[in-house]
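Read-outs throughout are calculated quantities, based only on the coordinates presented, and are distinct from any laboratory measurement. Since the structure is predicted, the reported quantities are computational estimates derived from the model, not experimental observations. Cβ coordinates were reconstructed from backbone atoms using ideal geometry, including for glycine residues, and neighbour counts include every protein chain displayed.
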Amino acid sequence: MSSVNWSNVTDLAQLPAQANNVSGGSFWTGMLYMMWIILIFMMIGYGFEVAIITASFLALILGIMLVYSGLVAWQWVLTFVGVLLSMFLYIMWSSSKRQ
């Protein structure tokens with residue numbers, strides 16, 4: 001188990017990055033996906049498609065902020081773009097099937 005070397009943190013901007021250093025770079029990625037799952041469960045009452053689209057959009061916005069702060073890689077954030085595109089295609093396909 002590794003511990004935090006607080007002498008490496010010299011300013012406030014390095015404090016969030018220290019969690020990634022201890023966890024091998026997966027802390028903020030895990031937090032992003034955990035927030036996405038929590039948002040899905042919070043909005044499941046509005047319908048499955050609405051919950052997935054809304055949670056993916058909010059996670060995409062949060063992920064972009066985490067990417068620009070240097071805490072998450074782009075490849076993890078682009079999965080939300082893929083989920084949004086696939087849900088849009090699914091909704092278009094399922095609505096055209098009923099007509």
note = Residue-normalised 222 nm signal for the chain, counting each DSSP H run of n ≥ 4 as -39,500 (n - 2.57), nearest 500 deg cm²/dmol, is -24000 deg cm²/dmol
key: Burial ordering of 96, 86, fewest other beta-carbon atoms within 10 Å first   = 96, 86
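How high is the relative contact order of the chain, in percent, with contacts defined as C-alpha pairs under 8 Å that are six or more residues apart?
Relative CO of the chain lands at 22 percent.
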query = Can you sort 62, 85 by how many other beta carbons sit within 10 Å, fewest first?
reply = 85, 62
task = Read through the labelled values (1) 57, 29, 23; (2) 65, 24, 23; (3) 53, 31, 20 and report the label of the one computed as Cα extents along the principal axes in Å from the structure.
result = (2)
inquiry  = Hydropathy at least 0.0 by Kyte-Doolittle, axial extent at least 15 angstrom from the Cα trace: which helices of the chain, defined as entire DSSP H runs, fit?
reply    = 27-43, 48-68, 74-97
